[in-house]
Amino acid sequence: MYVTLRKLERFDAPAFGRFLEENRPFSLRIEGTLAESGGVERLWVDDEESPSLLVHRTMGRLGLLGSPEAAVEHLGNLEKMAAEMDAAGEKPRHLPPEGENCVPRLNAAPPEMRDTLARERSLVRENGCGLFTLSEEEFTPFEEGPPVGRIREDEIPIVSKFADYGEIESYVSERIARAPHAAVRVGGELAAYMIVHDNGSIGMLHTLEKFRNRKLGRRVASALARIQLERGRPVYCYIVDGNAPSARVFTSLGFRRAADVSWVVYERRAD
């Protein structure tokens with residue numbers, strides 16, 4: 001189907017491991033995705049023996065890792081993938097504007113990738129974020145406050161209700177069934193929570209309005225970061241540019257902004 005891209009079959013190949021290492025910290029998303037899925041993912045590369053480009057197809061979006069020049073070379077194939085996802089009804093969790101069909105949407109694109117592709121296709125929309133990472137040596141845990149527990153099944157509608165990016169109940173249910181998460185309660189009522197996403201990042205940190213300004217968000221973020229460290233997983237998250245409160249929470253725990261990334265949408269070339 002993709003003449004110049006090959007579906008990756010061996011995730012344990014030395015060449016693939018080197019490619020991931022060379023592309024850190026951006027490759028944390030791919031490493032986390034493989035870990036959370038048990039290796040069942042739709043990944044394509046331009047060359048299995050010496051990859052310079054990796055493409056991850058998921059939920060109406062494409063994740064690109066590697067050489068921007070290689071991405072330009074395979075831009076036609078990327079547009080085909082975008083069209084196929086649209087035809088198959090694969091949409092981003094946060095539904096795009098009406099009429100925005102068959103366009104390349106990229107997850108967590110590094111600046112050089114974003115800008116190189118923007119010279120080939122007009123940039124329609126961009127949401128900038130920081131990629132924040134945490135090392136065990138720099139972790140400063142915060143353990144004040146209520147005990148940390150789990151999100152209950154009857155609380156899933158609450159978690160989905162306050163999701164910023166369209167994480168529906170089935171996604172939240174799958175995540176709390178398969179991965180660690182953290183929640184605190186005040187007077188038996190859910191007050192703050194956080195989950196591990198299907199790409200291995202920690203996210204959806206939320207404190208309900210009446211429980212704010214009690215450092216409960218910091219409490220659950222610290223607990224979940226510790227769990228990920230104990231699992232031997234890279235600990236990272238994305239924070240939307242301008243979200244100073246979240247940045248303060250995570251930097252207080254020892255997270256550092258390791259890179260800039262963007263969620264971007266490009267115009268599709270006219271047929």
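If you take the residues of region 46-62 that are among the hydrophobic types (A, V, I, L, M, F, W, C) and not in a loop (DSSP other than H, G, I, E, B), which of them is nearest to Tyr171 (Cα to Cα)?
Per the stated criteria, the residue is Leu62.
Any idea which residue in region 63-103 is modelled with the highest pLDDT, counting only those that are of a type in the set (Lys, Arg) and in a loop (DSSP other than H, G, I, E, B)?
By that ranking, first place goes to Lys91.
Here is a check on your reading of the model: is Ile156 surrounded by 13 or more Cβ atoms within 10 Å (Cβ to Cβ) and either assigned to a strand (DSSP E or B) or assigned by TED's automatic domain parsing to the domain that holds Phe26 (or both)?
Here the answer is no, as Ile156 does not meet what is asked.
Any idea which of (1) within 21 Å of the chain's Cα centre (by Cα); (2) on the phi > 0 side of the Ramachandran plot; (3) not acidic (Asp, Glu) is the one Asn127 doesn't satisfy?
All conditions are met except number (2).
Answer with yes or no whether Arg212 is at pLDDT 95 or above and surrounded by fewer than 16 Cβ atoms within 10 Å (Cβ to Cβ).
Against the criterion (at pLDDT 95 or above and surrounded by fewer than 16 Cβ atoms within 10 Å (Cβ to Cβ)), Arg212 qualifies.
From the list Ile158, Ile239, which one is touching a strand residue (DSSP E or B) at 6+ places or on another chain (Cβ under 7 Å), without any contact (Cβ under 8 Å) to a residue 60 or more places away in the chain and hydrophobic (A, V, I, L, M, F, W, C)?
None of the others qualify; the one that does is Ile158.
Of all residues in region 21-36 being part of a helix (DSSP H, G or I) and free of Cβ contacts under 8 Å to residues at least 12 places away in the same chain, which is surrounded by the most Cβ atoms within 10 Å (Cβ to Cβ)?
Looking at residues that are part of a helix (DSSP H, G or I) and free of Cβ contacts under 8 Å to residues at least 12 places away in the same chain, I get Glu22.
Which one of these does Gly39 not meet: (1) on the phi > 0 side of the Ramachandran plot; (2) within 14 Å of the chain's Cα centre (by Cα)?
(2)
How about region 173-271: which strands (runs of 3 or more DSSP E) wholly inside it have at least 1 residues that are among the acidic types (Asp, Glu), more than 22 Å from Ser27 (Cβ to Cβ) and more than 15 Å from the chain's Cα centre (by Cα)?
In region 173-271, the matching strands (runs of 3 or more DSSP E) lie at 189-196.
With respect to Val103, is the statement that it is surrounded by fewer than 21 Cβ atoms within 10 Å (Cβ to Cβ), under 30 Å from Leu54 (Cα atoms) and of a type in the set (A, V, I, L, M) true?
Criteria met by Val103.
The values are calculated or read from the model by the stated rules, or taken from the named source; none is laboratory data. All of these numbers come straight from a predicted model, not from anything done at the bench. We place every Cβ from the backbone using ideal geometry, glycine too, and count neighbours over all the protein chains shown.
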